[in-house]
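**Q** There's a structure below that I have some questions on.
The numbers here are math on the coordinates, done by the rules we state, and not lab data. Small disclaimer: the values here were computed from a predicted structure and weren't measured. We place every Cβ from the backbone using ideal geometry, glycine too, and count neighbours over all the protein chains shown.
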Amino acid sequence: MSAFSAALFSRLQAAEFYSALHQQAVELLPRGEGRTWLDVGCGPGLVARCAAAHGYRARGVDTDPAMVRRATANARRMGAATQFAVQDLAGAAAGEKADVVSAASLLAVLDDRHNALAMLLACVNPGGTLLIVEPSARMTLRAAQTLRARRPLGRGAWFLYLWAATREPARAVDLQEVNIAGLKKWRHELLDGLVHAWLLRPEAGFRPHGASR
Ligand SMILES: C[S@@+](CC[C@H](N)C(=O)[O-])C[C@H]1O[C@@H](n2cnc3c(N)ncnc32)[C@H](O)[C@@H]1O
């Protein structure tokens, strides 16, 4: 991507509906009390900043140096205690684990979601949680228009149209369809069901690469 994409994503993350729904997703987890949080595919850093505000020692990684520069600048400007680094998912899976690992709008852009999910689970400390946030199949332009007509979405609401218009509902991530032995999962609806947050918690003895479709 580019500095332009990073700037655009930074504006998207500042839209009220977008920051609110990601904050709600982060707050599905208990307060961090100093536990660690890793956000993979962090973009300009919204989820990591929310995690830091929720009491976690938060860091974010992204393959795109422009995103990481923007995340670092945003965190500094907002006084958030977060760290960001250029790293891809495979590198993260081979590196230091975290108590909570998150990936927002990442699986949808990756070709091999099954392998990506296994790598994300490999980043999670024993007893930890993986948080996945993804638009649902219900995220369409028409649904976005209906939602906005029903209630105000605040500053930057038009970004919801952009988000919905650039989504392919057929490619929506639905973890309900993914059957992974030894993995407990809970689904939460955000933004009136246009977005899903999934909490995935591996049970003792779980092996991420033993996951089956
Ligand atoms: C659609 S954006 C989502 C950004 C942010 N998580 C959000 O929800 O606003 C996907 C992000 O994932 C990053 N990304 C793509 N493939 C990746 C990979 N294999 N490992 C880490 N980051 C990746 C991209 O550079 C981009 O910043």
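**Q** Take residue 188, project a point 7 Å from its Cα along the Cβ direction, then tell me which residues of the range 68-110 have their backbone nitrogen under 19 Å from it.
**A** Of the residues in the range 68-110, 99-107 have backbone N under 19 Å from the label point off residue 188.
**Q** May I pose another question? Tell me, how many Å apart are the Cα centres for the range 188-203 and for the range 118-164?
**A** 9 Å
**Q** Provide the packing ranking of 9-19, 153-163, 175-185, i.e. peptides ordered by the mean count of other C-beta atoms within 10 Å per residue, highest first.
**A** Ranked by mean Cβ neighbours within 10 Å, highest first: 9-19, 153-163, 175-185.
**Q** Set the Förster radius R0 to 22 Å, insert the Cβ-Cβ distance between residue 172 and residue 148 as r into 1/(1 + (r/R0)^6), and round the FRET efficiency to 0.05.
**A** Given R0 = 22 Å and the Cβ-Cβ separation, E is 0.65.
**Q** Using helices alone, what [θ] at 222 nm do you get for the chain, with -39,500 (n - 2.57) per DSSP H run of 4 or more residues, divided over all residues and rounded to the nearest 500?
**A** Helix contribution divided over all residues of the chain: -10500 deg cm²/dmol.
**Q** Test of understanding: what is the full-extension gain from residue 24 to residue 207, defined as 0.36 nm times their sequence separation minus their Cα-Cα distance?
**A** Taking residue 24 through residue 207 to full extension adds about 63.0 nm, to one decimal.
**Q** Given H placed 1.01 Å from N in the peptide plane, which residues other than close sequence neighbours of residue 39 have an amide H under 5 Å from its amide H?
**A** 59, 60, 61, 102
**Q** Give, as a single signed number, the net charge of other residues whose beta carbon lies under 14 Å from the beta carbon of residue 36, with Lys and Arg counted +1 and Asp and Glu -1.
**A** Surrounding charge for residue 36 is +1.
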